[in-house]
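One structure below.
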Amino acid sequence: MPELPVGLLGCGTVGLGVARIILEKAELIRSRVGVDIRLAGVADINADAVRDLGLAPGVFTTDAVSIAEDPNIPVVIELIGGKTVARDLILRALSLGKSVVTANKALIASHHAEIAETAEKGNGELYYEASVGGCMPVIKTLREALAGNRVESAFGILNGTCNYILTRIAEDKLSYEQALAEAQQQGFAEADPFLDVSGMDTAHKLAIVVALSHGSWVELSDIYVEGISRLTPMDIEFAADFGYRIKLLAITKNRGNRIEARVHPTMVPFDNLLASVNGAMNAVKIVGDATGEMVLYGQGAGRMPTASAVVSDLCDIARNRACGIKNRLPIFSFRPGTAKPMDLLPMSEVETSYYMRFAAQDRPGVLSKIAGALGKQNISISSVHQKGRKTEGPVPIVLLTHRAREADVMAALDEIANIDVIAERPVLIRIEEEDR
């Protein structure tokens, strides 16, 4: 039986999971793949990290570069993370013609051009299933299963931390701060949760989804990104009153010669499958012109689900190499130079429906002033919910609009914010009905 020596760089949470699958399920993998995948080198700065793995003498090292450059190790798994050391190791391995497996979405989203160029020059190849959606086969679906489809849209809950927080706020009326603290206690959120709750982690994943769906990369700085920190139990309760759940969505849509790419809290109808995705679970709804709707659902993070995705890439590489095949798939779905470039639709030109909440003094004529400002921008109101005074101070006025252009909505909100009876900046949440 052919053997595939593999080098593992980084033995943190996911790295240990990968090592355990390779070591403990070797017979299962051999029976399915027909290749003996062997850990030939394992690198970490902490020798204690691998103490319980029972590695053979000489397999462990603190020198990751030596594994990346070892001519007897044709496959390297990078699970160090970050965009400095990991970048150098990946580029070095690719330049030497190696196959690289990684879960490093931030690095791919930020350095995709450099990675692709290095791989092409060195005849290396990159696999990165674990970078988007954990155990969900998002990359494989877009690169392979939908190769004959024009991808019309993709909507994704791609961050378990945010989904857990929003679920706890909705189900138990916790504040954002309380839900975040609980997520940290449960291990769903980092001590510094900025990348998750700001939406940037989701934006990294969306950039990859856009490239695989449409053949065009968008710069991270050009993706509209809005996090969840301003959401309140009040807004989530009002959304439910109107028949919606609020989720942090990554959204891309094919607009012919332009594409949408945005990340923000989004109201989705109860009858949308994404509305029922709760806790730390992830889901992606992809619409192809031939397939119609399809939904992937599963754990988007965690040691073993992510490790499973890494090992699935290893198995693909092993099968290919056993048949004498390499670079069977383009790294980013399209062969270089074959995809038609597509411009990014500016957020100001996006059209959708909107939820708006205003904190206003309970005086006659307030609603007519709000409606007047919206009317000036050709924004039509579809529903209104106004609560009477229970205590002294502002009362909430909540409304939904029909489809409108983002620029017009922002202009109207600027005017409304300056009305003397409006106590604070209005709250805005976009609604997605998937162009029904």
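The values are calculated or read from the model by the stated rules, or taken from the named source; none is laboratory data. A quick note: this is a predicted structure, and the numbers were derived from the prediction, not measured. Cβ: placed from backbone, ideal geometry, glycine included. Neighbour counts: every protein chain shown. Only protein heavy atoms, including side chains, enter the accessible area calculation; ligands, DNA and RNA are left aside. Shrake-Rupley method; radii C 1.70, N 1.55, O 1.52, S 1.80 Å.
A few comments on the model shown:
- Any hit, the range 340-358, residues being surrounded by 12 or more Cβ atoms within 10 Å (Cβ to Cβ), over 30 Å from the mean Cα position of the chain (by Cα) and under 24 Å from LEU428 (Cβ atoms): yes
- Among the residues listed as SER368, SER382, the single one being open to solvent by 50 Å² or more (accessible area, probe 1.4 Å), over 25 Å from ALA113 (Cβ atoms), outside any helix (DSSP H, G or I) and of a type in the set (Ser, Thr, Tyr): SER382
- Residue in the range 96-147 that is nearest to GLU69 (Cα to Cα), counting only those that are among the acidic types (Asp, Glu) and buried (at least 19 other Cβ atoms within 10 Å of the Cβ): GLU125
- Of everything listed in (1) open to solvent by less than 10 Å² (accessible area, probe 1.4 Å); (2) part of a strand (DSSP E or B), the single unmet condition for ARG38 is (1).
- Applying the criterion of being at pLDDT 95 or above and charged (D, E, K, R) to the residues of the range 385-413, the residue that is most open to solvent (accessible area, probe 1.4 Å) is ARG403.
- Residue in the range 265-305 that is farthest from ARG255 (Cα to Cα), counting only those that are open to solvent by less than 60 Å² (accessible area, probe 1.4 Å) and assigned to a helix (DSSP H, G or I): PRO305
- Residue within the range 143-158 that is touching a residue at least 40 places away in the same chain (Cβ under 8 Å), assigned to a loop (DSSP other than H, G, I, E, B), over 28 Å from ARG255 (Cα atoms) and charged (D, E, K, R) present: no
- From the options ALA250, ALA207, residue that is assigned to a helix (DSSP H, G or I), surrounded by 24 or more Cβ atoms within 10 Å (Cβ to Cβ), under 17 Å from the mean Cα position of the chain (by Cα) and modelled with pLDDT of 95 or more: ALA207
- Condition check for ALA283: in contact (Cβ under 8 Å) with a residue 40 or more places away in the chain and at negative phi: yes
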